[in-house]
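Here's the structure, in structure tokens; my notes come after.
The values are calculated or read from the model by the stated rules, or taken from the named source; none is laboratory data. All figures in this text were calculated on a predicted structure; none of them were measured in a lab. Backbone-built Cβ (ideal geometry, glycine too); neighbour counts: all protein chains shown. Just so you know, the surface numbers come from the protein's heavy atoms only, side chains and all, with ligands and any DNA or RNA stripped out. Shrake-Rupley method; radii C 1.70, N 1.55, O 1.52, S 1.80 Å.
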Amino acid sequence: MTFTAQTMQQLNEQLGKTVLYGDAALSPDGAHIAWVQSTAASTSKQTYVRATSESASAALIEIPIGSERTDFDPAWSPDSKTLAVFSSAAKKEQRQLWLVNADGSGPKKITDLNGYAARPRWSHDGKQIAFLYVEGAGGGGPLTAAPATTGVVDTAIHNQRIAVLDVANGQLRQVSPPDLHIYDFDWSPDDKRFVATAAPGPGDNNWWIAQIYTINVAKGDAISIYKPSLQVAVPRWSPNGKSIAFIEGLMSDEGFHGGDLFTMTADGRDAINRTQGRKASVNSFSWLAADRILLIEYVGGGSAISEFNLTNNAPREIWRGPEGIHAFGNFPDFSLSSDGKIAAAELSSYNSPPEVFAGALGKWRQLTNNNADLHSSWGKAESIEWTNEGFHIQGWIVTPAKVEPGKKYPMVVLIHGGPSGVTTSEWPASFGMSRAIIAALSARGYYVFLPNPRGSYGQGEEFTRANVKDFGHGDLRDDLAGVDAAIKKYPIDPARLGVMGWSYGGFMTMWTVTQTNRFRAAVAGAGIANWQSYYGQNLIDQWMIPFFGASVYDDPAVYEKSSPIRFIKNIKTPTLVIVGERDAECPASQSYEFWHALKTLGVPTKLIIYPGEGHLFIEPKHQADRMEQTVAWFDKYLK
């Protein structure tokens with residue numbers, strides 16, 4: 001075994017031991033916090049509960065549902081006495097809903113479901129639990145591996161509906177109309193209606209055209225009350241039931257929210273943008289009172305929490321940090337008590353492993369210590385800022401593990417996905433292990449540069465929308481200006497630069513090497529080579545309309561101008577191409593088209609298609625191999 005392979009194996013083992021915390025749920029009274037816990041190298045997740053008090057008797061409780069299982073979405077009853085949680089037994093994908101007392105006693109399975117289920121929410125009177133349900137079919141969104149497609153295509157649409165369970169008698173009924181796919185929902189204060197984001201199926205594709213509906217719980221009829229100009233997320237009733245708040249903005253991925261905070265009357269009138277022009281991106285929020293909302297926002301390359309007064313649209317910042325926190329959507333890591341005074345969060349940074357914190361809002365203290373023995377074998381992370389074409393831009397630099405005076409080092413630029421996304425400071429071991437490459441490269445003597453160019457969250461909607469109809473052009477200029485800024489500040493060898501990314505970052509990698517020869521090696525993960533052919537190949541083409549302004553059939557030129565394949569003969573950069581076999585978001589055919597072109601043109605290249613994987617890699621051995629292949633590629637051309 002070579003030194004490189006040994007090093008990567010040791011790093012994989014170290015990162016794999018990281019204890020991960022997910023789906024934080026604070027009880028309404030703020031006295032207990034629940035979370036699901038796993039390790040980075042495992043797909044098994046167990047629910048834990050702990051009191052938030054400083055008392056020595058605040059013992060950690062593992063919910064005794066079964067030894068080998070995967071838990072999801074713990075949710076507290078309004079009286080804080082009972083926890084509902086979805087759980088699936090080992091090697092069985094079917095989730096069932098369980099109830100358990102706050103002290104861990106009396107676990108009881110209360111459903112016999114057949115299909116995908118998620119996001120349980122108790123009614124305010126504690127008598128019912130609503131959740132999202134796809135009866136008789138799978139779900140989970142476009143990040144997961146797409147099913148094999150054979151036979152007559154496009155005949156079965158399995159919509160995700162709101163199911164309501166009567167806690168006392170176990171009766172289950174599906175409430176929302178069968179022709180609507182529900183993405184998110186909230187009970188009205190009187191438990192008579194839901195507010196929901198929804199669209200006709202197919203659900204994975206139509207999130208980008210979802211509207212806000214109210215649904216009568218008793219009758220099941222749905223009324224559209226708001227049709228947005230962009231994307232909407234997180235509809236929530238005010239405590240008095242008179243208003244609804246939500247996030248609207250340009251969002252490229254379901255579950256990764258960012259935009260402006262809007263409020264409107266409960267019947268959809270008088271919609272007001274409360275944060276217009278604010279240099280931040282709201283990712284989640286909680287009502288504190290009829291006139292006050294707690295905002296959780298991306299600001300620059302980190303997060304902030306502010307109390308927002310609706311009477312004068314005046315925010316008061318409570319906390320700010322380099323971490324990325326949000327309360328809803330994919331991988332939530334923040335939760336609030338019903339009175340808004342106690343908060344819980346799972347916090348980590350590049351150099352601090354994840355732990356659970358809770359306490360007074362913005363003054364929380366550490367509750368867990370499972371990762372105390374983990375120490376980063378990579379370099380320190382620093383924020384870096386620069387300006388380009390009138391934009392003020394932020395990014396992160398992770399230094400090599402050891403920097404010797406007078407020596408120059410190679411640098412790899414890692415471009416985030418989205419494009420509506422943001423890189424925050426995060427421990428490089430998370431679900432999917434896509435961030436592990438940062439640690440691996442730093443440990444091997446590379447600088448790693450992670451820019452947040454135009455198109456990113458964190459600086460308001462104008463900044464997020466700045467690459468509309470301009471994919472790869474302005475944001476590449478921002479990235480290259482950031483590379484220049486990094487070279488001025490750090491001992492980086494400008495002759496040994498690499499570039500990589502996944503999803504939109506994979507496209508940007510393919511695009512970058514067709515536009516400049518500054519980079520000596522590239523790794524394009526789940527990329528897009530040809531926007532025109534991609535439009536007809538992927539399963540989520542609706543996302544493209546807000547960014548390109550029209551379908552490819554109505555304006556093919558705007559798609560062509562950002563397609564790497566159009567400029568393919570410019571490439572000189574050796575490029576490794578990686579993709580999952582069943583990626584619904586960025587189909588493997590795009591990676592094959594790019595690799596085929598490079599092979600034909602005699603540019604050093606290699607294509608790896610990982611069997612059974614979707615957009616998010618699940619199999620630990622594939623995650624490890626992807627990292628080893630990436631580091632080996634950069635070592636070959638940049639060392």
Among Asn369, Gly151, Gly201 the positive-end extreme of the charge dipole of the chain (Cβ point charges): Asn369
Cα-Cα longer than 26 Å, checked against Lys45/Lys380; Lys17/Lys621; Lys17/Lys636, kept in input order, equals Lys45/Lys380; Lys17/Lys636
Run the reach check for Lys363 against lysines, Cα to Cα strictly under 23 Å, same-chain hits fewer than 8 apart removed. What comes back? Lys341
Using the Cα gyration tensor of segment 112-170, with a ≥ b ≥ c the square roots of its eigenvalues, what is the shape: rounded (a/c below 1.5), prolate (a/b larger than b/c) or oblate (neither)? prolate
Fully extended contour minus Cα-Cα distance, from Asn240 to Glu54, at 0.36 nm per residue: 63.6 nm
In whole Hz, with x marking every Gly and Pro, tabulate ³J(HN,Hα) for segment 331-348 from phi via Karplus 6.51 cos²θ - 1.76 cosθ + 1.60, θ = phi - 60°. 6, x, 9, 9, 8, 10, 6, 5, 8, x, 9, 10, 10, 9, 8, 9, 10, 8
C-alpha long axis of helix 504-515 to longest principal axis of the chain, angle in °: 20 degrees
Is segment 501-639 best put as rounded, prolate or oblate by its Cα gyration tensor, with a ≥ b ≥ c the root eigenvalues, rounded for a/c under 1.5, and otherwise prolate when a/b is larger than b/c, oblate when not? oblate
Over the chain, what relative contact order in percent results from Cα pairs under 8 Å that are six or more residues apart? 10 percent
Check cross-link reach from Lys227 to the lysines: straight Cα distance under 28 Å, and skip same-chain residues fewer than eight apart. Lys192, Lys219, Lys242, Lys279, Lys469
Based on the mean of other Cβ atoms within 10 Å per residue, sort peptides 142-153, 125-136 so the most packed one is first. 125-136, 142-153
Taking R0 as 45 Å, what's the FRET efficiency between Ala495 and Ala118 from their Cβ-Cβ distance, rounded to 0.05? 0.35
Could you tell me which of rounded, prolate or oblate describes segment 118-235, using a ≥ b ≥ c as the square roots of the eigenvalues of the alpha-carbon gyration tensor, with rounded for a/c under 1.5 and, failing that, prolate when a/b is larger than b/c and oblate otherwise? oblate
Rounded to 5, the percent of DSSP beta bridges in the chain classed as antiparallel: 85 percent
Counting every C-alpha pair in segment 433-525, the percent lying more than 16 Å apart is 58 percent
What is the calculated FRET efficiency for Lys81 to Ile223, with r their C-beta to C-beta distance and R₀ = 51 Å, to the nearest 0.05? 0.90
Taking H placed 1.01 Å from N in the peptide plane, check which residues at least 5 places from Lys45 or on another chain put their amide H under 5 Å from its amide H. Arg69, Thr70, Asp71
Among Tyr490, Leu347, Leu132, flag the residue with its Cα farthest along the positive direction of the charge dipole of the chain, charges on Cβ as +1 for Lys/Arg and -1 for Asp/Glu. Tyr490
Within the accessible area of segment 432-529, what % is carbon and sulfur when the probe is 1.4 Å and the other protein chains stay in place? 49 percent
May I ask you to list the aspartates and glutamates whose Cα is less than 19 Å away from that of Lys569, ignoring any residue fewer than eight positions away on the same chain? Glu560, Glu593
Computed FRET efficiency, Cβ-Cβ of Asp267 and Ala137, R0 35 Å: what is it to the nearest 0.05? 0.55
Near the amide H of Gly445, under 5 Å away, which other amide H atoms are found, from residues 5 or more places off or on another chain, if H is placed in the peptide plane? Ala401
Percent of Cα-Cα pairs per 10 Å bin, from 0 to the last occupied bin, for segment 188-247, please list those. 23, 53, 23, 1
Calculated from backbone phi, Karplus (6.51, -1.76, 1.60) coupling profile of segment 434-445 in Hz, x at Gly/Pro: 5, 7, 4, 4, 4, 5, 4, 5, 4, 5, 8, x
Tell me, what HN-Hα J-couplings in whole Hz come from the Karplus equation 6.51 cos²θ - 1.76 cosθ + 1.60 at θ = phi - 60° for each residue of segment 32-42, using x for Gly and Pro? 9, 10, 10, 7, 9, 10, 8, 10, 5, 8, 10
